[in-house]
Amino acid sequence: MKLGILGDLHLHSKAPERRLDVDYLRTCEIKLYEALKLLDDCDVLIQVGDFFDSYNVSNKVKTMAIEMILRHRKMIYCVYGQHDLSGHSASTFHNSPLRVLQAAGAVHVLGNCPVSTATNESKGKDFITMYGASFGEEVPEVNTEGFTILVTHRMIGDRPLYPGHELVGPRAFLRDYPDFDLVCCGDYHYRFDDGIQGRTILNPGVMMRKSLKESQMGHEPAVYVVDTQTRRFEIRSIPCEPIEDVMDLEKKETRKSLDLEGFIRKLNLSEASQIGWKNILLRVMKKRATTTSVRDVITESMIKLEECND
């Protein structure tokens, strides 16, 4: 069986500040079409969360996604990311754009209840079992046999995004959860793939370039294709314009960004800057046993502050 893996899509009609697109939704539509076209020969499609860039995207964004997926004639199995939810809270999923896609039959949001599927050609012999751990959710326990897959939206990566960033490495995650043959993860926007003892973890990275941060300067959007029988994978690149053609490299920051920079400067002038305000914040969260969901929200905010300083 062939699996097609899509990364963070971040679909939206409003272009990020430095994008040069006249019609950003059209750009998203073209990129999604090209990504799905690359996966035409796959039996099952998987997406790793942050399907949308915001919980309040317009109806035309949801309509575009539904029509594109249904035209492709393959449901997408996915999890939700923090950008898919109002307030980054799972309690708001019922009122999210991803819930609309699920009601339309375009996606199936995975959870701790396993979902198994098989191709018609295999007559039930070649099957997979998928589990989901969306943003803020715990990794479920495996209670099935065969080729098992975890789809998750959490910070797993091979290099910290800022000084003091406590990041779970890909191999460490595989060692912590040995019952999964394949882990498909999102949230971390660098693309990577790794493995141990025939088990694989991969992240296709973000599809749309949103900023001039280091992770996106040389970014080449791609999808993965995994063969469950051979346990091999391949990377298929999505056509991508040079960054200077799609991003304004000279444009000044907005007032909001300048204010954030001022905030950072004030922090740097304080006594706390001697050991780093980020390190202090991380220590406080660890000392107070801050929940994973709250910690992830704070982490994302710290990353956005870093973007403003790029």
Original post:
Which residue out of GLU17, GLU67 is more than 18 Å from the chain's Cα centre (by Cα) and over 19 Å from VAL246 (Cα atoms)?
Top reply: GLU67
**OP:** Please specify each residue of the range 3-42 satisfying the condition of being buried (at least 16 other Cβ atoms within 10 Å of the Cβ), at pLDDT below 95 and in contact with a strand residue (DSSP E or B) (Cβ under 7 Å, 6 or more places away or on another chain).
**Re:** ARG18, ARG19
**OP:** Search the range 176-230 for residues being out of contact with any Lys or Arg (no Cβ under 7 Å at 6 or more places or on another chain), more than 27 Å from ASP126 (Cβ to Cβ) and charged (D, E, K, R), and hand back the single one that is surrounded by the fewest Cβ atoms within 10 Å (Cβ to Cβ).
**Re:** ASP176
Subject >> Filter result for GLY81 (within 25 Å of ARG232 (Cα to Cα) and either under 18 Å from the mean Cα position of the chain (by Cα) or outside the structural domain of ILE238 (by TED's automatic domain parsing) (or both)) >> reply: no
Original post:
Among the candidates GLY164, GLY205, which residue alone is in contact (Cβ under 8 Å) with a residue 60 or more places away in the chain, under 15 Å from the mean Cα position of the chain (by Cα) and outside any strand (DSSP E or B)?
Top reply: GLY205
Original post:
Quick check, is LEU150 assigned to a loop (DSSP other than H, G, I, E, B) and touching a strand residue (DSSP E or B) at 6+ places or on another chain (Cβ under 9 Å)?
Top reply: no
Original post:
Got at least one residue in the range 38-56 being among the β-branched types (Val, Ile, Thr) and either out of contact with any Leu (no Cβ under 8 Å at 6 or more places or on another chain) or over 26 Å from VAL225 (Cβ atoms) (or both)?
Top reply: no
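The values are calculated or read from the model by the stated rules, or taken from the named source; none is laboratory data. Bear in mind the structure is a predicted one, so any value in this text is a computation, not a measurement. Every residue, glycine among them, receives a Cβ derived from its backbone with ideal geometry; neighbour counts consider all protein chains shown.
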